[in-house]
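The structure appears right after this line, and notes come after that.
The values are calculated or read from the model by the stated rules, or taken from the named source; none is laboratory data. Since this is a predicted model, take the numbers as computed values, not measurements. Because the Cβ atoms are built from the backbone with ideal geometry, glycine has one as well, and the counts that use them run over all protein chains shown.
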Amino acid sequence: MNRSVTSRALVALCILAWLPWFSGPVRAQLTANAHENPPRVALDQVLPETSMQSGEHRVGDTLGLKGTQFQFSLDSDQGRYEALSIPMVLLRIHEIRTLAQSVDAFQRDNQRLAAQLRGVVYAGRNSSVPILGTGLSGGSYAYNDYLNNNVGQAVEDLERKSKRQGQFAGGAGAGGENMYESWVPTDPILASHKRAVAMQLDLDIYSSNTRVQAFLDTLARARGGGNRNAGMATVALPNKPEIRVDQGRVEFAVRSSVARKTVRELYIQNEAALKAMGIEPDLYHAFLSHRAFSPRHKTEITAYLVYMNGVSNRGALLRSALGANDEVSALGYTRMARMLAFYHETTERLTGLVSGGTVLMATTASNNMVMALPFDLVWWSAESDRVFTSLAKFADGKAFKLRELLMVGIGSDAARIQLERRRFVVRERFLFSR
């Protein structure tokens, strides 16, 4: 495949990630070229029933929309959370439920420690829970500004990259101090305790949730003070709603590595794995030092790339990932990697990856085209029409047997109809358990 031609076609699709979409009623007329305003979406169209409400949380029925991501509101006894994107809300739900059940478990076994934990978990319970240094930017830009100022240059960059191997453009978060690393205790013994507790309770030591960080710090200090049972609470949660690659072995390997290794050791492990794939050093070092990704994000993406053994040009995912500018987009890239790995495992073997801006395309052994879209919602605007029509023509010209779209979220009714008319196979909510 001519990678230059492929990349030029792909860059058009990446525009979708920056469209200024806002909530409003559906006005689509389902004709060949009908366009719609952003539709209203019900919560049960987006999340599984077990994720919408429990004894520890409730997700608000009203969904906002920012760019291509939904805005969720979560109410809990720990406070009110605002979460941008489906992956982020699932993460926050898991954290809320884990903290609540852990405090209850310690209340039965160690009331003094439980009182300390209750103080940090439920502090300011009537207000919004602060998040550490991430915000809800979501990378959204006004469409016209993005089109005028960035698309032309992006096409030129893609053409240069296709002609000269080893060159790439770092994102706004490339290099510099990584905020996630500052949350690890400087005392190596205390840091080891914190990682062990996080592993035991299936929490992320690099979480941006202030409640999680205070909770883990409290338990780590308790362990450091001689309480070996700190962090040994039994938590009973329903199975996570998202699928697991290779029967959960990839996820377990990531958890184990994050629990056992320091930030520097994770860097070395991931560096060795990416080097073994034949990815150029400048590219993998730029990714591994990128500020938007936590050490866990980097380890997870690397693990999924390792799982896709035999797929050519796996560095294309890293090239796309350099455009991440916050935690929301970093989570999006981990989901892109997981979607492709799961497709590779369960549907058809992938043969190669190609990046086009923020979007990633894969080719398959039977000459299919597969695109991973980390979007919560695709709706049928004039720009969606232009981009997908152009992409369909590109697919026709390349004689792809199928053109498949893997989505974290959903498409509107109008988008679904129009995409099917353009012979796209749309796999919505691709990561949710079947």
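The table below lists the values:
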{"quantity": "The listed residue being within 30 Å of K261 (Cα to Cα) and either among the aromatic types (F, W, Y) or without any contact (Cβ under 8 Å) to a residue 60 or more places away in the chain (or both), out of L331, L305", "calculated": "L305"}
{"quantity": "Test: S412 is among the hydroxyl-bearing types (S, T, Y) and in contact with a Phe, Trp or Tyr (Cβ under 8 Å, 6 or more places away or on another chain)", "calculated": "yes"}
{"quantity": "Condition broken by Y81, with the remaining ones in (1) among the hydroxyl-bearing types (S, T, Y); (2) touching a His at 6+ places or on another chain (Cβ under 9 Å); (3) at pLDDT below 95 satisfied", "calculated": "(3)"}
{"quantity": "Any chance A259 is under 17 Å from A341 (Cα atoms), over 20 Å from the mean Cα position of the chain (by Cα) and surrounded by fewer than 18 Cβ atoms within 10 Å (Cβ to Cβ)", "calculated": "no"}
{"quantity": "Test: residue in the range 363-383 that is within 15 Å of T347 (Cβ to Cβ), touching a Pro at 6+ places or on another chain (Cβ under 9 Å) and part of a strand (DSSP E or B)", "calculated": "no"}
{"quantity": "All positions within the range 386-399 that are within 28 Å of the chain's Cα centre (by Cα) and either of a type outside the set (S, T, Y) or at pLDDT below 85 (or both)", "calculated": "R386, V387, F388, S390, L391, A392, F394, A395"}
{"quantity": "Single residue of D385, D376 found to be of a type in the set (D, E, K, R) and crowded, with 23+ Cβ neighbours inside 10 Å", "calculated": "D376"}
{"quantity": "Single condition Q71 does not satisfy, out of (1) at pLDDT below 90; (2) polar (S, T, N, Q); (3) closer than 17 Å to F375 by Cβ", "calculated": "(1)"}
{"quantity": "The range 216-236, subset over 24 Å from the mean Cα position of the chain (by Cα) and in a helix (DSSP H, G or I), residue surrounded by the most Cβ atoms within 10 Å (Cβ to Cβ)", "calculated": "L219"}
{"quantity": "Hits in the range 41-57 (condition: free of Cβ contacts under 8 Å to residues at least 40 places away in the same chain and surrounded by 14 or more Cβ atoms within 10 Å (Cβ to Cβ))", "calculated": "L43, M52, Q53"}
{"quantity": "Test result for P295, touching a helix residue (DSSP H, G or I) at 6+ places or on another chain (Cβ under 9 Å) and surrounded by 20 or more Cβ atoms within 10 Å (Cβ to Cβ)", "calculated": "yes"}
{"quantity": "Check on V311, more than 24 Å from L132 (Cβ to Cβ), touching a strand residue (DSSP E or B) at 6+ places or on another chain (Cβ under 9 Å) and of a type in the set (V, I, T)", "calculated": "yes"}
{"quantity": "Listing of strands (runs of 3 or more DSSP E) fully contained in the range 48-112 that carry 2 or more residues being of a type outside the set (F, W, Y) and more than 18 Å from the chain's Cα centre (by Cα)", "calculated": "57-59, 69-76, 79-84"}
{"quantity": "Selection status of R434, basic (K, R) and either assigned to a strand (DSSP E or B) or modelled with pLDDT of 95 or more (or both)", "calculated": "no"}
{"quantity": "Yes/no for N227 being under 24 Å from S128 (Cα atoms) and polar (S, T, N, Q)", "calculated": "no"}
{"quantity": "Test result for A316, free of Cβ contacts under 8 Å to residues at least 40 places away in the same chain, under 18 Å from L373 (Cβ atoms) and either among the hydrophobic types (A, V, I, L, M, F, W, C) or crowded, with 22+ Cβ neighbours inside 10 Å (or both)", "calculated": "no"}
{"quantity": "Residues within the range 237-256 that are over 17 Å from M308 (Cα atoms), part of a loop (DSSP other than H, G, I, E, B) and of a type outside the set (K, R), tallied", "calculated": "4"}
